Amino acid sequence: MLKDNLKTLRKKKGLSQEELSNQLHVVRQTISKWESGLSVPDAEMLIMISNFFETPVSTILGENIEEKDENDLKILSEKLERLNEQLSIYQKKKRTKVILLLVIIDFCLLLSLILLGLLGSPYQSWNNQDSEWMVIKTLWHSFEWIYFKVAPIFIIGITVILGIFCIRKNRL
């Protein structure tokens, strides 16, 4: 494994044993011994080899690089396929949550609009002589006026935007 991988990496870079030994600051016989399996580099040397070839130490020590290269495309395509499936599922769940949230918001706005309409304007029967009640009455009236003017537009706007988004993306 190590011996085969080291030889493969050296040949891929187009280096001789002599050139590699110069780069790693060892004698050529050391490289020869590593490649023939008579000895192995120590941990520091493995890190230097890893840095030189820009390959993780685990790859140098692990399975044969040639075998790995042959299967890489198939393994990579399988992993990408699984990632795409997971991403698709995640996006569907996210889209469903967003649509559900928007429907709930629309429902709550519509329900509160109906309730406020049925209640009428309770502040009209409040005592106008008390200044504190006049402030509250003014705030309530402002809220009610803005709510009745903005909420219907907001409900229609959210529904239209959601509909356009779903139709354009062919989501519904």
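Read-outs: derived from the displayed coordinates by stated rules, not from any lab. Computed from a predicted model, the values in this text were never measured in an experiment. Here the Cβ is made from the backbone with ideal geometry for all residues, glycine too, and neighbour counts use every protein chain on show.
Calculate, in nm to one decimal, what T138 and K94 gain on full extension: separation in residues at 0.36 nm each, minus their alpha carbon distance.
Values: separation 44, 0.36 × 44 = 15.84 nm, distance 4.15 nm.
Roughly 11.7 nm would be gained on extension.
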- Residue-wise, which Karplus ³J(HN,Hα) couplings in Hz belong to the stretch 12-23, taking 6.51 cos²θ - 1.76 cosθ + 1.60, θ = phi - 60°, and x for glycine or proline? 4, 7, x, 9, 8, 4, 5, 5, 5, 4, 5, 5
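Using Cα-Cα distances under 8 Å and only pairs 6 or more residues apart, what relative contact order does the stretch 77-168 have, in percent? Each step should come with its number before you reach the end.
Working: 23 pairs, mean separation 30.5, N = 92.
RCO, the stretch 77-168: 33 percent.
Expressed as a rounded percentage, what relative contact order does the stretch 2-62 have, with Cα pairs under 8 Å and six or more residues apart?
Working: 44 pairs, mean separation 22.5, N = 61.
Computed value for the stretch 2-62: 37 percent relative contact order.
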- Overall form of the stretch 2-62 per C-alpha gyration tensor (a/c, 1.5; a/b vs b/c): rounded
- Farthest positive-ward along the stretch 77-168 dipole, Cα basis, beta-carbon charges - from V135, G117, I105: I105
- Message: Using 10 Å bins from zero, what percent of all Cα-Cα pairs in the stretch 77-168 falls into each bin?
- Response: 14, 28, 21, 16, 11, 6, 3, 1
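Just list whichever of K74/K97; K74/K94; K92/K149; K11/K33 have alpha carbons separated by over 28 Å in the model shown. The partial results should precede the final answer.
Details: K74/K97 35 Å; K74/K94 30 Å; K92/K149 34 Å; K11/K33 16 Å.
Pairs exceeding the cut-off: K74/K97; K74/K94; K92/K149.
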- Query: What ranking, highest mean first, results for peptides 106-119, 24-37 when packing means the other Cβ atoms within 10 Å averaged over each residue?
  - Reply: 24-37, 106-119
